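Each value in this text was obtained by applying a stated rule to the coordinates, not by laboratory testing. Small disclaimer: the values here were computed from a predicted structure and weren't measured. Note: ideal-geometry Cβ built from the backbone for every residue, glycine included; neighbour counts use all protein chains shown.
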Amino acid sequence: MKKIVAVLALVALVAAATIAQAIPGSGLVTKGVSGEAKNLTGAGATFPAVLYTKWFSEYAAKIGVQVNYQAIGSGGGIKSISDMTVDFGASDGPMTDDQLAAAKGGHLLHIPMTMGAVVPTYNIPELSRSKQVLKFTADTLSAIYLGDIIKWNDPKLVADNPQLAKVDKYIVVVHRSDGSGTSNIWTSYLSAVSEKWAKTVGAGNSVQWPVGLGGKGNEGVAGNVKQTQYAIGYVEEAYAVQNTLPVAQVKNSAGTWMDPTAKAVSKAAEGVTLPDDLRVKMVNSSNPEAWPITGFTWILVYQQQNDPAKALALTRLLWWNLHDGQAYAEKLLYAPLPVDAIAKAVVLLKSVTVNGSQALPPELASFK
Amino acid sequence: MPRVNEQGRFLRRRAAGLASEIIAALLAALSVAVLFLIVGHIIVNGLGSLNADFFTKIPKPYGESGGGIAQAIMGTVIMLIVAAAIAIPFGVGTAIYIVEFGRGRFADTVRFAVELLAELPSIVVGVFVWALVVRNLTGYSGIAGSLALAVIMIPIIARSVEEILRLVPDSLREGALALGSPKWKVVIFVVIPTVLPGILTGIMLALARAAGETAPLLLTALGNSFFNYDLRKPMAAMPLQIYTYAVSPYDDWHNKAWASTLVLIAIVGILSGAVKFATRRWKHESH
Amino acid sequence: MSRIIMLRQGATKAADPSDRRFAAFVATMSAVVILLVVGFIILLAVDSWPSIRKFGGHFLTGSVWNPVETEVNKVNFGALPFIYGTIVTSIVALILATPLALGSAIFVSEYAPSWLGRPVAFIIELLVAIPSVAYGIWGLFVLVPFMRGTIEPFLQNVLGHIPVLSALVAGPPFGQDLLTGGVVLAIMILPTILSLSREIIAQVPRLQKEGMLALGATKWEVLSQAVLPYAKGGIIGAAMLGLARAIGETMAVTMVIGNSSQKITGSLFTPGYTIASAIANQFTEADTQMYFSAIVELGLVLLLVASVFNVTSRLLVSRIMARKEGANA
């Protein structure tokens, strides 16, 4: 376990050093400007909250705009922005066409901010000092979440993890109780790899979980796993590592046992054709070096804004996130966006209008 | 023969009496123990995390330790003040109407409405204020949170003041009226001053209750990680912060949650305890 | 009393215009309060109408709550799991709290000398001042591990072999389950039942009690044969008030109940939802019109059930109070 964390940290440092210099477009938003709103409110996904809260804390200090982000879950983010009770929403489950049609303020844009890994994590006291993390396959994960495997020393689990042979305890399955993009990524993965799951449960922000306890937010699931012995849960990677919970290995589609390094996460996006609206799922990648349970997380904004001060603040914020903000991702165990995703995101950002004219200020819009 | 039976019966009766006394005492002791257990845990777990930063700084990003909940304390104070500013006039005014002016169906309806308000589950109050204010007027905001708290406070104040006003002997009113005062002057300058302490305790009770409310604020104030004095924007509150922190996995947040709980029950406890103590004396005096 | 009414009427009729203005002022405030309540009910009804119309009675009897349409599961809103959770936790709370509250009330009112009784009552009633979220955090960090590690395995050992009761304790002890929710609720409604029971017991006419004592009855006999039968209705009313409070409790329950709406099993050790915790968890994300409508309907159901218990409680209690006034008039 400690070895994994050390490796991850090293990779992160190296990557951060390389990437920090590599994103053109950074350094253009450095201080506040007149005419922009000093407060913005956003609500939504807990998946990126570790990164967003860091971003917004830095942004408030550097730029002077206070972005209040409340992590109420992707479902909450989608509803809040659809109802226009916040300035922007956040979700890691892409909105469906029906949801988009129901948004009160017109057309909503999905602007990706980062990529992250959803990882299985667990709490088994007997293995707390073990250096070897548990290994799961698509079969074992779906069986556990379907309720077909109920004990830790089930032969299927022991086959990959001999150290489980002596753990004769019931598995406490933990899932999300709220509408969650993380759940969307997780269930999309399970649907992709397990026919039984696809037929009986399916994928989405909220599903009919066959078994388990519900936790609110990624924090709730991590909290539950941490407090409950013999529990298993799925969380965005940062939540496991920040709380010294073990991160299990998962066998990807090529048959390799993977750790969710930033590289493995980024690989999941390679070869994926990005649609222009950037609503895309990336689970169970065919790339042999990819972590199989990966996804984008988006910020949702209306294409047509009606408050010039807010529109200015919002577009500058999103520019900063897409460029300067990427440098923070790896240290916090997210993966920076691939270059083509950033390019398409900027196209979407440029399409945001307020009262007929482009909202993104010219010095940013004209950057090549 | 009869004497033995009588003795046996007598002893059995005494035994039954003794047993029931012991059981009742045990049950009471258990109830007291539960209170001490809960408050004890809160004090023990919360005390260690109280420090200067806790009261003066805002939260740090997820996973970083340090910082505090200053913005939540501020938010709670602001929303309570605004809620009280709304609830006190309506609560007191309604009580005055019911006791001093009300007659017939309208007064009965008013009293019924106050009862209904008092019985509302607080989450439903949150739903109502969301549908009325958040959805159409302000988005998540401090004023919506204050409104929700006001709705919860109004019936508490109204019932409390009503009870107190009824305790005022009619002779006081009659005397003042006989001297030629218009009714409204009698109410404001004679009746109310006599019961002012009681009214204040009613207000404190309502504040104590509102300070601890979480559910309605989840749907109205939302929360804020920065200091915010603008009621049209989301606002932080202590109970919201406790909830968020408690269900999280971060140990630092757990400590802060305990500490916040301690501060919260200290505030609530002082308000409620003072109320109950004063009311005990009050009831005692007016008999 | 009639003198003052005449005086009031007379005073208002011959009134100072300022009197009429003042009266109108407070009457308006009261009218606003009424409007608030009316608006409340109308808004809830209107917002829940789509769900009421679509699901009708099935809302209360269906056990599938599926807000999100997937390829596999259609949208469906059956609130039975929430209703079940509410009923179970409330019953557990009532079973645990009523003996404690009643026993404490009897101790404080009848057995203990007043130098002991009053402080004890004061202390127990302080429980009502503790906010729900404080019960929640205590429940989550102290009670849940205790239930999971000690109480629930104990119950499984004791009841696991008894035929019908073993179903109550089946399954792995989660700690965050219906039973723990019930226990937390019990502590929360204890002071409510206690203070009302005390008031009820105090209403029993002294003549009866003193008469029996004079004839040589023990305190227990006075209690069981005079006080409790007389106060029975009121005590039930007190329990109902406790129940009404338990039904509406949100935060403490949400934090310990497990938040999972699975198949209804008979076991107390399953995680579940109550109606209130379901609303709190799901309201901010009910993004489709039907989902939103279903959640508001849940709120309406909660309101109605709580009202029924409150009204019944008030009826039962006021009968006892009225009897006393009749006896003394």
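Summary of computed values
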item: Reference-scaled alpha-carbon Rg (2.2 N^0.38 Å with N residues) for chain C; result: 1.23
item: Virtual spin-label span in nm between residue C:289 and residue B:16, 7 Å along Cα→Cβ; result: 6.6
item: Cα-based reach from residue A:151 at 12 Å (exclusive), listing aspartates and glutamates while leaving out same-chain residues under 8 positions away; result: A:168
item: Selected from B:191, B:61, B:180, residue furthest toward positive end of dipole (region B:56-286; charges at beta carbon); result: B:180
item: Reach of residue C:54 by Cα under 19 Å, taken over lysines that are not fewer than 8 positions away in the same chain; result: C:74
item: Among B:112, B:55, B:226: highest mean-square fluctuation, GNM of chain B, C-alpha pairs under 10 Å; result: B:112
item: Estimated 222 nm signal from helices in chain C, with DSSP H stretches of n ≥ 4 weighted -39500 (n - 2.57), rounded to 500; result: -22500 deg cm²/dmol
item: Rg/Rg_ref, region B:2-49, where Rg_ref = 2.2 N^0.38 Å and atoms are Cα; result: 2.16
item: Chain A: projected area of the alpha-carbon convex hull, averaged over directions, in nm²; result: 16.9
item: Region C:84-217 shape via C-alpha gyration tensor axes, a/c threshold 1.5; result: prolate
item: Whole-Å distance, taken between Cα centres, linking region B:126-140 and region A:287-314; result: 26
item: Amide H partners (placed H, <5 Å) of residue A:109, local residues excluded; result: A:301, A:302, A:303
item: Sorted largest first, extent of region A:256-368 alpha carbons per principal axis (Å); result: 52, 27, 23
item: Cα centroid separation, region B:146-185 to region A:149-197 (Å); result: 63
item: Assigned charges on the beta-carbon of Lys, Arg, Asp, Glu; chain C dipole about Cα centre (debye); result: 1180
item: Local electrostatic count, residue A:311, Cβ distance below 15 Å [Lys/Arg +1, Asp/Glu -1]; result: +1
item: Among the listed pairs A:310/B:57; A:226/B:57; A:156/A:344, those beyond 32 Å (Cα-Cα); result: A:156/A:344
item: Ratio of the Cα radius of gyration of region A:81-143 to 2.2 N^0.38 Å, where N counts its residues; result: 1.82
item: Given charges at beta-carbon only (K, R positive; D, E negative), |dipole| of region B:41-117 in Debye; result: 120
item: Calculated over region B:56-286: convex hull of Cα atoms, volume per residue (Å³); result: 134
item: Proximal charge balance of residue A:126 [Cβ under 13 Å; K/R count +1, D/E count -1]; result: +2
item: Virtual spin-label span in nm between residue B:167 and residue C:35, 7 Å along Cα→Cβ; result: 3.3
item: Calculated [θ] (222 nm, deg cm²/dmol) that DSSP helices of n ≥ 4 give over chain A, each run adding -39,500 (n - 2.57); result: -11500 deg cm²/dmol
item: Ascending count of other beta-carbon atoms within 10 Å, so fewest first, for A:38, B:233, B:185; result: A:38, B:185, B:233
item: Residue mean of other protein chain beta carbons inside 10 Å, A:218-231; result: 5
item: 3J(HN,Hα) from dihedral phi, region A:164-181, Karplus parametrisation 6.51/-1.76/1.60, rounded to Hz, x for glycine, proline; result: 7, 4, 8, 9, 8, 9, 6, 7, 9, 7, 10, 10, 8, 9, 10, x, 9, x
item: Packing-based order for B:175-183, A:306-314, A:174-182, B:5-13, using average beta carbon neighbours within 10 Å, highest first; result: A:174-182, A:306-314, B:175-183, B:5-13
item: Net charge over other residues, Cβ less than 10 angstrom from the Cβ of residue B:119 (K, R count +1; D, E count -1); result: +1
item: Restraint check, A:54/B:233; A:104/A:281; A:131/A:331; A:79/A:169, Cα-Cα greater than 31 Å; result: A:79/A:169
item: Cβ charges +1 (Lys, Arg) and -1 (Asp, Glu), total dipole of region B:56-286, debye; result: 280
item: Amide H partners (placed H, <5 Å) of residue A:40, local residues excluded; result: A:66, A:67, A:68
item: Shape box of the protein assembly as shown [Cα atoms, principal axes, largest first, Å]; result: 93, 84, 55
